[in-house]
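Have a look at the structure below, then the notes.
Laboratory data are not the source of any read-out in this text; all were calculated from the coordinates shown. Source: prediction; values computed, not measured. All Cβ positions, glycine included, derive from the backbone under ideal geometry; neighbour counts span all protein chains shown.
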Amino acid sequence: MTTALQKVFARPVSLKDVQTHFCPGCNHGTIHRLVAEALDHFAVQDKTIGVASVGCSVFLYGYFDVDVVEAPHGRAPAVATGVKRVHPDKIVFTYQGDGDLAAIGTSEIIHAANRGEGMTVIFVNNTTYGMTGGQMAPTTLPQQKTSTSPYGRNVQTDGYPIRMAELLAVLDGTAYSTRVAVNSPKNVLQAGKAIRRAFQYQVEAKGFAFVEVLSACPTNWGMTPLKANERVGDELIPYFQLGTFKDVDK
Ligand code: SF4
């Protein structure tokens, strides 16, 4: 008989039984698991198509036991649009970082949301370009030092961090837009609920759903996993406030 504890720690069937390449303390693994748990919850593994972006999450197909399409830089929402329109019965999601979604693919995400495409978008915001070496992203915080802002982000010349969840919430095509974090057990539980709700919107064919997840990148922040996790609570959450900015069902 399966105990309650075994059930909690059991690997979701939508995830493969493989080791990840993510750095120690990276939150991608946690977020992958939450997405897989949502797919398991709705029993849609066999009809799910993930769209991988460019960045540290590029190897989506290596971790999720679902069909996956690889999209060019920033174009995941455009690729997902095509996949979903050809296969409206499938569950289609993109998984994108902030360099990919909020910089290279700003146009694609805004127009996919504005068109109300029936997809689920998981947006991992760690305030930097992860895979390419920690460059400044649109989400980099004021004064944050990165490899391309060695003196800290200067909002006078570099602009302000973009709050994607709020920005997309004002578009009529967006049905659900929320921001969560995975820096504490309580926030992980909340993030799991939000991701499940975002897939529920798609299962019920109710429109475009977006979940921004604040995440740690210890490697490019030059921090230990513990310090990086603390930074999410101390610096990211005060700027990128957690909450749901649109939920048309409520
Ligand atoms: S570089 Fe950052 S985002 Fe990429 S795997 Fe490492 S910790 Fe995660």
Most exposed to least, judged by fewest other Cβ atoms within 10 Å, 203, 170, 180, 124 sort to 170, 203, 180, 124
Once every Cα of the stretch 1-66 carries one equal point scatterer and solvent is ignored, give the base-10 log of I(q)/I(0) from the Debye formula at q = 0.14, 0.24, 0.29 Å⁻¹, two decimals. -0.43, -1.13, -1.41
The stretch 84-149 - Rg over Rh from alpha carbon coordinates, Kirkwood radius: 1.09
Fewest to most neighbouring Cβ within 10 Å: what's the order for 23, 217? 23, 217
Can you give the convex hull volume of the alpha carbon atoms of the stretch 165-215 per residue, in Å³? 53
Just for the Cα atoms in the stretch 58-114, what are the lengths along the principal axes, largest first, rounded to whole Å? 28, 25, 13
How large is log10 I(q)/I(0) at q = 0.10, 0.19 Å⁻¹ when the Debye formula is applied to the Cα atoms of the stretch 1-135, each weighted equally and without solvent? -0.33, -1.09
Dimensions of the stretch 85-195 along principal axes (Cα, Å, largest first)? 49, 34, 26
Restrict the search to the stretch 105-191; then list the chymotrypsin sites (Phe, Trp or Tyr not before Pro) that DSSP places in a loop and that have at most 10 other Cβ atoms within 10 Å of their Cβ. 151
Given 37 °C and 0.692 mPa s, how large is the Stokes-Einstein diffusion coefficient of the stretch 129-250 in µm²/s, with Rh as the Kirkwood radius over Cα pairs? 212
Tell me the relative contact order for the stretch 131-250 as a rounded percent, counting alpha carbon contacts under 8 Å between residues six or more apart. 27
Need the list of lysines near residue 145 for cross-linking: C-alpha distance under 24 angstrom, and skip anything on the same chain fewer than eight residues off. 227
Based on the alpha-carbon set only, what is the convex hull volume of the chain divided per residue, in Å³? 124
